[in-house]
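Right, one structure below, let's go through it.
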């Protein structure tokens, strides 16, 4: 909850600092719908490209990752596209049975392609839905008999995130965005902490 509160404060502060300037859905200041002629068919100005890093650690836990998205702004309110990410995760697993002073760790390498959509409900505020399919490679320090014998396994997991977010235009077509989402599926192999919402921050062009 502390991270969620800090993220809300960050976006509230940025939004307040630029409250005097009006932005379009493309992030360009001083734009008015009536002054721009709409293009028919495919419009490269509506392409969306972006990404975000993932870094968190503490208490023996480490998460390092990166993700990228690509999509299209179909209307002034609705956009959708594809994404892919990679995450390395390390967490305490057990005490070494041969050395009580040594902590053993489990590690996971996760590749997570996804489908995403966003709908702006009011100015820079939007609702979002993301379907993610996790390909997980897990390494445990102990075998089934409790002996120090690293074992590897591969499995998958599906996530369906639903949530809300906010976009802050930075000038031109570039925006900073943040989302608070919750996995409604809560799969048994989920790499995310059970029952906790996830905070996602990133940059995007054309968003």
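Each reported figure results from applying straightforward, stated rules to the coordinates on display, with no laboratory input. This is a predicted model, so every value here is computed, not measured. Don't worry about glycine lacking a Cβ; one is built from the backbone with ideal geometry, like all the others, and counts go over all protein chains shown.
Hey, with R₀ at 25 Å, roughly what FRET efficiency would residue 95 and residue 190 work out to, going by the Cβ-Cβ distance, to 0.05? Could you put the intermediate results ahead of the total?
On the way: r = 25 Å, r/R0 = 1.01.
Efficiency computed from Cβ-Cβ geometry: 0.50.
How big is region 104-175 by Rg and Dmax over its Cα atoms, in Å?
19.3, 59
What FRET efficiency comes out for residue 182 versus residue 43 if R0 is 41 angstrom and r is the Cβ-Cβ distance? Round to the nearest 0.05. Show your work: numbers first, answer last.
Working: r = 33 Å, r/R0 = 0.81.
Efficiency for this residue pair is about 0.80.
Can you list, largest first and rounded to whole Å, the semi-axes you get for region 143-207 by taking the square root of 5 times each eigenvalue of its Cα gyration tensor?
They are 36, 15, 10 Å, listed from largest to smallest.
Which whole-angstrom value gives the distance between the alpha carbon centres of region 85-112 and region 150-194?
Computed from Cα coordinates, the inter-centre distance equals 21 Å.
Relative to the compact-globule scaling 2.2 N^0.38 Å, provide the ratio for the alpha-carbon radius of gyration of region 73-206.
Working: Rg = 19.0 Å, N = 134, 2.2 N^0.38 = 14.1 Å.
For region 73-206, the normalised Cα radius of gyration comes out at 1.34.
By its C-alpha gyration tensor, with a ≥ b ≥ c as the square roots of the eigenvalues, how is region 72-150 shaped: rounded for a/c under 1.5, else prolate for a/b larger than b/c, else oblate? Walk me through the numbers on the way to the answer.
Numbers: a/c = 5.76, a/b = 3.36, b/c = 1.72.
Note, shape of region 72-150 comes out prolate.
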